[in-house]
Every structure is written in C-alpha cells, then in structure tokens.
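Some notes on the structure that comes next.
The values are calculated or read from the model by the stated rules, or taken from the named source; none is laboratory data. Keep in mind that this is a model prediction, so the values were computed, not measured. We place every Cβ from the backbone using ideal geometry, glycine too, and count neighbours over all the protein chains shown.
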Amino acid sequence: MSIINYASREIQFKIVYYGPALCGKTTNLGYIHKRINPENRGDLVSLATASDRTLFFDFLPLNAVVIKGFVTKFQLYTVPGQVIYNATRQLVLRSVDGVIFVADSQWEKMEENVESFKNLEDNLAKQNISIDEIPYVLQYNKRDLENIAPVNYLEYVLNNRKKRVQSFEVVSSTGQNVFASLNAVSQILLHKFSKQSDVSKTAPAPVAIPVEPAARKAGATV
Amino acid sequence: MNAIPCLTIQDVANLDGVLGDFLKKAEAELTVVIDRGGNVISQFGDMTVMDVTIIAALAAGSFAATKELARRIGEIEFNALYHQGNGNHIFMNSVDDDTIMITVFGRQTTVGLVRFYSASAAQNVGALLKSLQTGGHGFSFDASDITAAPVFADG
C-alpha cells in the first residue's frame, strides 16, 4: 500500500511486473534502468541465480515529480516466473499498488500466460484484492519473434474480462513500448488516488476487439 | 476516491523522537521503519551512506524469507534477525504484523545494546503507528495536480 510522508513530501508506490518464466520481466527493468536519467533512479538490484534466472525478485527504485509539491517514488519489482516460486510471488505482491502483466506472445507460451494470470488473480485474492480493483496493464512481449500469436488472439485470451485494460505490443529487448506501459500504469495509479478519480475515464479503450480466432495454431492451448 | 495513508508532520516528528532517542541510546547509525511490503515509513540517522529504499526492499524480503525457516522449527516467525559483517551490521526486529524496524550499526556499539534498546523502541513505534490507524487520516489530491506529461521519459 502506498504511503505519504508529509514531512518529506514523498509518496511511494509499488509496481510489480508479473508473468510466466522467461517472458521478459527482468529485461523490462534492465531497459528502464539503462535508459532513465541516473539522477532519477537508484541501483537495479537483482537476486538471481548464476544463470540469471530470477530467484527472489529484481528491484528498481525511481523518482519522479508528477504530483504538484510531492516527490513520487515508484518501486518497481519483478516476481520469479517459475511455477515453484509461488510463495515468493505472494511476498513480492504484498502492498502492491499496480501491476504490469508481461505475456510471452509465442504460441507455445499461451498456456503458461493463462496460468500465470490466474495465479496473479489467486495471489491478489489472498490479500483480499480483486484484479478488477487494482490498476494494471498488459504487455504482449516478444513481438519481434516469428512464432507469435496475433494481438486479437492475446486480447481474447488475456483481456476478455468485463473490465478491459490497456495492452501494449512490446519488444522488451529493444525497449519498444516498455516506457509506454510503465507510464500507462503510473497514470492509472495516480488517478486512482485523485479526488476526481474515475479510472474508466483515464484508461483508453482497448486496442483490439476480442473475437474468437478463426484458426488456432497447433500447440496453443487455453 | 481512494485516500493514501498519510503521515503528518506531527506524526513524523513523533516517530523521529522515538527513533532519535533509540539511536542515541544504542549508539547506532541509522534506523528505518518499513512495512512488510518494503515501503519506508520513517527513517532517522545518517542516510548519506546507503540507499534506504533498497535496504528496505531487501530487508522486507530477508524477513519474509526466514519466515518459512521459522515455521520448520515450530515458530510463526523470527522476531529478530541479525546480519553480522566485518565492520557494519544490520539488526532487524518485528514491530507488529505489518511493520519491521531495521537498525544499521558499526564498531562503536554492540548487538546486545542495539537489541536491548530496540525492543522498547519497537513497542513505542508500534503504539504510534496504531494510533495513526485509529486516527484514520488519509490524503488525496486533485486530478489537476497530476502532470499530463509522461511520468518517465525514455533516454
């Protein structure tokens, strides 16, 4: 949960990158760390194995002046995507304010995407938070690869809820739409706490219409 | 509209009073009160030597990671953790179900002294935070106060 320190005029928000293993969560943070002005960020802390798989979490603190008169501190975390690390994901989700769900666009990863999203819903529910209450956006990552599902299929699979959210076609290795998705969730989050908050007004319409795909490639299951 | 929990200037002064008194008695360098999600609630002492935000995130993780270890020996959690370095050390103790206190200290004091005074400091911090929760003051801002420009710029 965010907190305001009126003496130091600081507000803190926690944003978590969530998604299946090897979907590009850490790559997102690495790109942001590389590209953002060093004056506005701290060190990127990675608790990873020797083969660079996230073991605990990655953490990147960012500062911004986005609310008049306050320094806003955004704390970006990733979760370990591997199924066995669910206890760690629950821990990292504690006090979360916003989520960026990173989906792997490759056909063979579709089942893992769906499982991870369901896992996110379950873990939020354990904190008595509904996915529909929390500011979140979707990233469809790895759009530069060949064996990828079309966006409307990903929308059908992951963004087919009563409340639909913004989604972004992302290539985290080159940075395409990495900042766009971070800025989107930050704005939704900030407006959630404003006196005139109405998230539906601040969230633009989704980018694609959810339709049943005509043909599904072999290997993709939902 | 959702209000953000708010520490007023008086709340911060009250917390600083408790933490300052603790640091003086324990002869430690820095103390930070955090929630279990890793957010910094209050801090006092020499903050120039380290990034408190990162210390808070890692300490919250460290505390939570050992919870499972505690369960294995029949405890709910460890009330306190001590990380011993060659010259600088970290002592962490639980304030309540939502809050942890972290103390960084060097050669000029001992873990025993820090541990002794941190117990009463944690009690006082816990009481102050409880009074904040029951006081129930929150903060929200006008939508016009939020910048329309992108929050973060690429490059």
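Go through the stretch B:36-59 and give me each residue that's under 16 Å from residue B:78 (Cα atoms) and touching a strand residue (DSSP E or B) at 6+ places or on another chain (Cβ under 6 Å). Show your work before the answer.
If we filter the stretch B:36-59 for residues that are under 16 Å from residue B:78 (Cα atoms), which is where we start, we get B:36, B:59.
Once the filter is applied, which keeps residues that are under 16 Å from residue B:78 (Cα atoms) and touching a strand residue (DSSP E or B) at 6+ places or on another chain (Cβ under 6 Å), the stretch B:36-59 yields only B:59.
Taking the criterion of being facing chain A (nearest Cβ under 9 Å) and either of a type in the set (Asp, Glu) or farther than 26 Å from residue A:16 by Cα (or both), the residues of the stretch B:20-61 that qualify are B:35, B:51.
Residue B:65 meets the conditions (1) at the interface with another protein chain (Cβ under 10 Å from one of its Cβ atoms); (2) at pLDDT 90 or above; (3) in a helix (DSSP H, G or I) in every case but one. The failed one is (2). Quick check: is even one residue across the stretch B:5-14 out of contact with any Pro (no Cβ under 6 Å at 6 or more places or on another chain), more than 10 Å from chain A (Cβ to nearest Cβ) and more than 24 Å from residue A:47 (Cα to Cα)? Scanning the stretch B:5-14, I find at least one residue that is out of contact with any Pro (no Cβ under 6 Å at 6 or more places or on another chain), more than 10 Å from chain A (Cβ to nearest Cβ) and more than 24 Å from residue A:47 (Cα to Cα), so the answer is yes.
Can you list the strands (runs of 3 or more DSSP E) found entirely within the stretch A:1-101 that contain at least 2 residues being more than 7 Å from chain B (Cβ to nearest Cβ) and in contact (Cβ under 8 Å) with a residue 40 or more places away in the chain?
Details: elements: A:3-5, A:10-18, A:45-48, A:54-67, A:70-78.
It comes to A:10-18, A:70-78.
Give the residue that is farthest from residue B:54 (Cα to Cα), with candidates limited to residues of the stretch A:61-119 that are surrounded by 22 or more Cβ atoms within 10 Å (Cβ to Cβ) and of a type in the set (Asp, Glu). In this case the residue turns out to be A:104. Contact map, the stretch B:59-73: residues that are of a type outside the set (A, V, I, L, M, F, W, C) paired with residues that are surrounded by 15 or more Cβ atoms within 10 Å (Cβ to Cβ) and modelled with pLDDT under 85, Cβ distance under 7 Å, separation 6+ or inter-chain. Pairs shown: B:61/A:56.
Of the residues in the stretch B:72-88, none is at pLDDT below 90, surrounded by 19 or more Cβ atoms within 10 Å (Cβ to Cβ) and in a helix (DSSP H, G or I).
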